[in-house]
Amino acid sequence: MAGVADAAAAAPGSVGDGRQDSGRGEPKTLWGSSEPRPPAAGPGQPSPQQRTETLGFYESDRGRKKKRSLPDLSLLRFISAELTRGYFLEHNEAKYTERRERVYTCMRIPKELEKLMFFGIFLCLDAFLYVFTLLPLRVFLAMFRFITLPCYGLRDRRLLQPAQVCDILKGVILVICYFMMHYVDYSMMYHLIRGQSVIKLYIIYNMLEVADRLISSFGQDILDALYWTATEPKERKRAHIGVIPHFFMAVLYVFLHAILIMVQATTLNVAFNSHNKSLLTIMMSNNFVEIKGSVFKKFEKNNLFQMSNSDIKERFTNYVLLLIVCLRNMEQFSWNPDHLWVLFPDVCMVVASEIAVDIVKHAFITKFNDITADVYSEYRASLAFDLVSSRQKNAYTDYSDSVSRRMGFIPLPLAVLLIRVVTSSIKVQGVLAYVCVVLFYCGLISLKVLNSIVLLGKSCQYVKEAKMEEKLFNPVLTATPGKAAGKQQGTFKSTQGNSTDENGSTSVTSQPVHQKENMPSLLVTSNSDQFLTTPDGEEKDISQDSSELKHRSAKKDLLEIDRFTICGNRID
C-alpha cells in the first residue's frame with residue numbers, strides 16, 4: 001500500500017536528479033526555524049524565490065506535509081519569537097512623518113483659529129458700532145448738504161453723493177423699523193414661549209437658526225438692490241421696479257429679521273430662567289450636532305473659509321444675544337448686581353461650548369481633508385484686504401456692507417433689536433441721565449475710532465505679510481461669472497487684441513500678471529465647455545492651461561468667495 005501511495009503522489013514534472021518528489025513545497029515556519037531546501041522547480045513552475053508569500057507560506061505549498069517535526073511546533077519558540085521580534089519604522093518614514101505633521105497641525109488649530117476668530121469678531125464689532133456712532137453723523141451731514149444745496153448752487157449733476165444716499169436710506173430704515181418694533185410685545189412673547197414644552201422649544205430654536213441663515217442670505221441682496229437702484233446713473237435704461245418698492249422690501253426684511261432675532265433671544269432667556277436648566281443643556285448640546293454634520297464631509301479650502309466666516313458671525317451674534325438676555329434679566333431684578341453673578345456661570349457655559357465646538361470641528365476637518373493650519377492666516381489676510389480696500393478713494397462699497405457679504409452678518413436688524421431692548425430696559429429721566437447718555441455716546445465713538453485704527457493697522461500688516469499690497473494699487477477688473485465668461489469664450493479669438501481689461505484675473509487676491517496669460521483661464525471652466533466651444537486643434541492647449549489654473553485657483557478664488565457662494569457640495 002505504501003508503494004502505491006508513493007507512486008500516486010509522484011509529481012509528473014519533477015526534474016533534476018531524478019528523485020521522486022511529492023510536488024508540494026515545504027511550509028515556511030512563522031517563527032523562523034530552518035527548513036529543508038525546496039526542490040528545484042520544473043519547466044512550468046516558478047522558482048521558490050519568485051512565489052508570492054501569504055501568511056508565512058508559499059501559495060504553491062497548499063499540499064504541505066502532514067507530519068512536522070516536533071521542535072517546529074514548539075509553543076515556547078513561538079512565545080519567544082513574539083517577545084523578541086522587532087521592526088523598523090524608518091522603512092516607512094514618509095508615512096510616519098505625515099502622521100506626526102497631522103498631530104502638530106491639530107495642536108496648532110486652536111491658536112490659529114482663535115486668532116482668526118478674534119480678528120473677525122472685532123471686524124463685526126466695528127461694523128456693528130458703525131450703525132450707532134458714525135452712521136447718525138453721516139446721515140446728519142448728508143441731510144445738511146441736501147438742505148443747504150440751494151445756497152451753494154448746482155455745481156454737480158448729483159444732488160447727493162452715492163454714499164450719502166445709502167447713508168440716508170440706512171438711517172430711514174433704522175428709524176422706521178425701530179418704531180415698528182414698539183408694536184411687538186416682548187413680555188407677551190416671553191410668556192408664550194415659556195408655556196411651551198422643552199422639546200418644542202428645542203425644535204423652535206433649531207428652526208430659528210435655519211431661518212436666520214436663509215433670511216440673511218436674501219436680506220443682503222435686498223439691501224444691495226436698494227442701494228444700487230437709488231444710486232444708479234439716470235442715463236441708463238430703466239431695468240428695475242423703482243426705488244419705492246425696493247425701499248418697502250428692505251423695511252419689511254429688516255423688521256422681520258429683527259423679530260426673528262428677538263424670538264431667538266427670548267428662547268435663550270427662557271432657557272436661562274428655567275429651574276432645572278435642562279433646556280439650556282439641550283440647547284448647548286445642539287452645538288455639538290454641528291460636529292456630526294460637518295466633520296465627516298469633504299471640505300475644500302473655500303468651503304472652510306465659508307465655515308470660518310459663519311462661525312465668526314454666529315459667535316458675535318451669540319454675544320449680542322447674551323447681552324440682551326442679561327439686560328432683560330437685570331431689569332426684572334431692578335438692576336441688582338448680585339443677580340449678575342447668578343447669570344455668569346450660564347453665560348460662561350454658552351461661550352465655552354461655542355469655543356470648544358469650533359475648535360473640535362475645525363481640527364478634525366483640517367485633519368480629514370489634509371488642510372494645513374497656515375490656511376487661517378490666508379483667511380485673515382482676505383478679511384484684512386476687505387478692510388484696507390474699503391478705505392481707498394476708488395472703493396466700490398462701504399466696509400459694513402463688505403462684512404455683510406463676506407460673513408453673512410447684517411448689522412441693521414440686530415441694531416434695531418438692541419436699541420429697542422435698551423430703550424425699554426433703561427429709563428432716562430432728568431438732566432443728569434441725559435448727560436450720561438451723551439457721555440456714553442462719546443465713549444462709543446471713541447471705542448469705534450480706536451477699534452478702527454487698530455484694525456486698520458493690523459490689516460495693513462496682514463496684507464503685507466500675504467504680499468497682496470500690489471493689488472490695492474493695481475486693481476484688476478474681475479470677470480463676471482456665468483454669462484459673461486460664456487460670451488468671452490465664444491469670441492475669444494476675435495476680441496483678444498482689445499479686451500484685456502475685460503478678461504482680467506478672476507480674483508483680487510492673485511498677483512498682477514500679464515493680461516494675455518489670464519485669457520485662457522476663462523475658457524477652462526469645465527470639461528463640457530471645452531467640448532462645446534473648443535475646436536479640435538485647441539484641445540491640447542486648453543488642457544495645459546487648465547493644469548496651470550488648478551495650481552493658481554486656491555489663492556485666486558479666495559477673495560471672490562462670500563458667505564453664500566456655492567463652492568462645492570455644501571454651504572455652511
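The values are calculated or read from the model by the stated rules, or taken from the named source; none is laboratory data. Small disclaimer: the values here were computed from a predicted structure and weren't measured. Because the Cβ atoms are built from the backbone with ideal geometry, glycine has one as well, and the counts that use them run over all protein chains shown. The area values use the complete protein model at the heavy-atom level, side chains included, leaving out ligands, DNA and RNA. Shrake-Rupley method; radii C 1.70, N 1.55, O 1.52, S 1.80 Å.
Taking every residue in region 80-105 that is among the hydrophobic types (A, V, I, L, M, F, W, C) and surrounded by 10 or more Cβ atoms within 10 Å (Cβ to Cβ) and pairing it with any residue that is part of a loop (DSSP other than H, G, I, E, B) and modelled with pLDDT under 85, at least 6 positions away or on another chain, the pairs with Cβ-Cβ distances below 7 Å are A81/W31; A81/G32.
Matching residues to (1) modelled with pLDDT under 80; (2) touching a Pro at 6+ places or on another chain (Cβ under 6 Å); (3) closer than 19 Å to M262 by Cα:
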residue: L149; (1), (2), (3): yes, no, no
residue: R155; (1), (2), (3): yes, no, no
residue: I203; (1), (2), (3): no, no, yes
residue: D224; (1), (2), (3): no, no, no
residue: G242; (1), (2), (3): no, no, no
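Look at (1) more than 14 Å from the chain's Cα centre (by Cα); (2) outside any loop (DSSP other than H, G, I, E, B) and you find that D370 fails only one, number (2). So for region 315-335 (the condition being touching a His at 6+ places or on another chain (Cβ under 8 Å), open to solvent by less than 80 Å² (accessible area, probe 1.4 Å) and either within 18 Å of F364 (Cβ to Cβ) or at pLDDT below 80 (or both)), does at least one residue qualify? No; the residues of region 315-335 include none that is touching a His at 6+ places or on another chain (Cβ under 8 Å), open to solvent by less than 80 Å² (accessible area, probe 1.4 Å) and either within 18 Å of F364 (Cβ to Cβ) or at pLDDT below 80 (or both).
Of the residues examined, L260 is one that is modelled with pLDDT of 85 or more and surrounded by 15 or more Cβ atoms within 10 Å (Cβ to Cβ).
Within region 384-393, does at least one residue satisfy the condition of being over 30 Å from Y190 (Cβ atoms) and surrounded by fewer than 12 Cβ atoms within 10 Å (Cβ to Cβ)? Yes: region 384-393 contains one or more residues that are over 30 Å from Y190 (Cβ atoms) and surrounded by fewer than 12 Cβ atoms within 10 Å (Cβ to Cβ). Reported count of residues in region 246-283, each being within 30 Å of the chain's Cα centre (by Cα) and polar (S, T, N, Q), is 5.
Only a single criterion out of (1) among the β-branched types (V, I, T); (2) at pLDDT below 90; (3) touching a helix residue (DSSP H, G or I) at 6+ places or on another chain (Cβ under 7 Å) is not satisfied by V254, namely (2). Of all residues in region 353-380, those satisfying the criterion of being out of contact with any Lys or Arg (no Cβ under 9 Å at 6 or more places or on another chain) and aliphatic (A, V, I, L, M) are A356, V357, I359, V360, A363.
Could you check how many residues of region 183-194 are over 11 Å from T267 (Cα atoms) and open to solvent by less than 90 Å² (accessible area, probe 1.4 Å)?
The number of residues fulfilling the criteria is 4.
Considered as a group, the residues in region 284-299 that are part of a loop (DSSP other than H, G, I, E, B) and within 14 Å of the chain's Cα centre (by Cα) include one that is surrounded by the fewest Cβ atoms within 10 Å (Cβ to Cβ), and that residue is K298. Any residue at all in region 365-373 that is of a type in the set (F, W, Y), under 30 Å from A466 (Cβ atoms), touching a residue at least 40 places away in the same chain (Cβ under 8 Å) and crowded, with 21+ Cβ neighbours inside 10 Å? No; the residues of region 365-373 include none that is of a type in the set (F, W, Y), under 30 Å from A466 (Cβ atoms), touching a residue at least 40 places away in the same chain (Cβ under 8 Å) and crowded, with 21+ Cβ neighbours inside 10 Å.
Of the residues screened, I355 is not one that is touching a Pro at 6+ places or on another chain (Cβ under 6 Å), at pLDDT 90 or above and over 30 Å from C166 (Cα atoms).
Open to solvent by less than 60 Å² (accessible area, probe 1.4 Å), assigned to a helix (DSSP H, G or I), touching a residue at least 24 places away in the same chain (Cβ under 8 Å) and within 30 Å of R102 (Cα to Cα): is that true of S404 in this structure? The answer is no for S404.
Being hydrophobic (A, V, I, L, M, F, W, C), under 22 Å from D185 (Cβ atoms) and either open to solvent by 70 Å² or more (accessible area, probe 1.4 Å) or assigned to a helix (DSSP H, G or I) (or both) is a property that holds for V416.
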